[in-house]
Amino acid sequence: MVKKDFKLRLLFLCTSHTLLHVYSDLPLVLLPILINDYGLSVLLGGVVVSVPRAFSLVFSVPSGLLADRLGHTKLISFSLFLEVLAASLIMLFSTVEAIVLSFSLTALASTFYHPPALSATTDISPTDFRSRGLGFHGASGTLGFALGPITLGLVLNWLEWRYAYLIWIAPIFAIAVTALFVNISEHSHDERDESKGKSLTTPLREVLSLTFLSLLLFMLFRSAAGSTISTYLTTYLTKSKGLEASLASIVFGLSPLIGLASAITGGYVGDKLGWKKSLTSVISTATIALFCVFVSTSTIQIVLFYLAYGFFNNMTMPVTTSLVARIVPSKSRGTAYSLQFIPMSIVGIVVPIVLSILINLFEISIIFPTAIILYIIVLIITQILTL
């Protein structure tokens with residue numbers, strides 16, 4: 001049965017997801033600029049993008065527990081207000097410390113947003129539309145990932161990079177306020193009261209099954225593989241291929257922009273083929289495309305194969321988020337989705353630093369064989385998983 005007004009609620013969730021992520025990838029795109037402007041080493045640059053993920057890791061579980069106990073709209077609004085604060089700090093202060101603090105607030109905003117938003121998306125979507133609903137929600141976030149770097153690339157042609165933050169403050173603030181007055185959740189007051197009466201650790205006990213832990217292992221290696229490319233791609237394009245920072249930023253943003261279609265396609269394929277066949281096919285294709293990026297000699301070929309890699313890589317997102325909803329009770333999904341992001345936070349802390357060491361030992365192109373090896377491990381885990 002189609003749930004009442006679910007399309008309107010889904011539209012609001014998609015809009016909030018887009019605006020949440022317009023700042024998310026800017027730290028990675030800005031890395032070569034910050035290294036140049038502040039005289040940072042590659043290692044220190046890696047630390048700058050790693051510190052915010054440490055904040056995410058600390059608050060991952062609390063955000064999920066709060067989502068299951070407080071409901072959806074409060075945390076969604078709170079996360080968007082954190083984005084406004086982060087952008088304000090960028091505009092008001094120019095020190096490295098203020099920049100790292102702003103990046104950290106952006107990471108925290110994502111941490112607090114996703115458990116209630118993903119839980120709400122699965123709650124309001126009909127069962128036979130769940131993967132596609134998550135696909136639309138994921139695609140909207142992908143649009144945000146694209147808009148940030150593309151905005152930066154355009155701004156760099158006329159203004160300082162900080163103005164890429166200023167452009168988005170007003171719409172983010174407007175949606176943050178709107179979220180306070182929108183009824184997203186379909187949970188009844190009785191369910192909410194029942195949740196409040198439970199022990200704080202009850203959702204954790206309900207979520208931490210062997211099946212869910214196996215899925216987290218998959219996400220750990222999947223995140224490590226993707227992060228290996230995304231962290232230093234713009235640095236690779238500017239330092240190794242000689243692209244201007246503005247052009248490298250636009251190329252970086254084009255991949256998630258194309259990912260709009262891939263996230264929706266991934267949701268459709270997941271519903272039709274099942275999770276194992278769909279994950280195996282898209283991860284295999286993404287790995288082949290990444291190998292082509294590595295061996296290509298011209299910049300045009302690199303860009304085209306990178307965009308193909310991004311398309312298939314983004315197709316995995318709705319499938320994995322749908323799997324969480326499949327194996328976890330609805331009343332504990334906020335906690336489950338917060339735990340889902342712990343591997344990403346760990347990867348975000350460790351990978352930039354490890355890669356900076358590898359780059360110093362070898363050269364920046366080492367990111368490609370490293371990612372390919374990690375994707376092969378992901379494929380092996382996919383075949384072993386039984387959900």
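Here, each number is a calculation from the coordinates, and none is a lab measurement. These numbers were taken from a predicted model, which means no experiment stands behind them. FYI the Cβ positions are ideal-geometry reconstructions off the backbone, even for glycines, and counts take in every protein chain you see.
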- Note on the structure: Footprinting proxy, Asp271, Asp37: sorted fewest to most Cβ within 10 Å, the residues are Asp37, Asp271
- Set the Förster distance to 35 Å, then compute FRET efficiency between Ser240 and Thr280 from the Cβ-Cβ distance, nearest 0.05. 0.65
- At 0.692 mPa s and 37 °C, Stokes diffusion of the chain via Kirkwood alpha-carbon radius, µm² per second: 157
- Query: From the phi of every residue in the range 266-276, what ³J(HN,Hα) in whole Hz does the Karplus formula 6.51 cos²θ - 1.76 cosθ + 1.60 yield, where θ is phi - 60° and glycine or proline is x?
  - Reply: x, x, 5, 5, x, 5, 8, 9, x, 5, 5
- State the number of lysine pairs found in the chain whose Cα atoms come within less than 24 Å, restricting to pairs 8 or more positions apart or on distinct chains. 13
- Task: Rank these for me by crowding, Trp158, Trp275, going from fewest to most other beta carbons within 10 Å.
- Result: Trp158, Trp275
- Given a Förster radius of 30 Å and the C-beta distance between Leu379 and Leu43 as r, what FRET efficiency does 1/(1 + (r/R0)^6) yield to the nearest 0.05? 0.45
- Query: For Met344, Met315, what's the fewest-to-most ordering of other Cβ within 10 Å of each Cβ?
  - Reply: Met344, Met315
- Each residue of the range 337-348 in order: what ³J(HN,Hα) in whole Hz does its phi give by Karplus 6.51 cos²θ - 1.76 cosθ + 1.60, θ = phi - 60°, with x for Gly and Pro? 5, 5, 5, 4, 8, 4, x, 5, 5, 4, 4, x
- Message: Tell me the mean residue ellipticity at 222 nm calculated for the chain from its helices only (DSSP H runs of n ≥ 4, each -39500 (n - 2.57), averaged over every residue, nearest 500).
- Response: -28000 deg cm²/dmol
- Given a Förster distance of 25 angstrom, what is the FRET efficiency for Thr178 paired with Ala261, based on the Cβ-Cβ distance and rounded to 0.05? 0.35
- What residue among Ala371, Ala117, Ala139 has the largest mean-square fluctuation in a Gaussian network model of the chain, using Cα springs under 10 Å? Ala371
- What percent do you get for the relative contact order of the chain when only Cα pairs under 8 Å and 6+ apart count? 28
- Query: Using a ≥ b ≥ c from the Cα gyration tensor of the range 342-381 (square roots of the eigenvalues), is it rounded, prolate or oblate, where a/c under 1.5 gives rounded and otherwise the larger of a/b and b/c decides, a/b for prolate?
  - Reply: oblate
- Query: From the residues Tyr165, Val47, Phe59, which one has its Cα farthest along the dipole of the chain in the positive direction, the dipole being from +1 and -1 charges on Cβ of Lys/Arg and Asp/Glu about the Cα centre?
  - Reply: Phe59
- Note on the structure: Heads up, the range 62-152 by the C-alpha gyration tensor (a ≥ b ≥ c square roots of eigenvalues; a/c under 1.5 rounded, else a/b over b/c prolate, else oblate) looks oblate
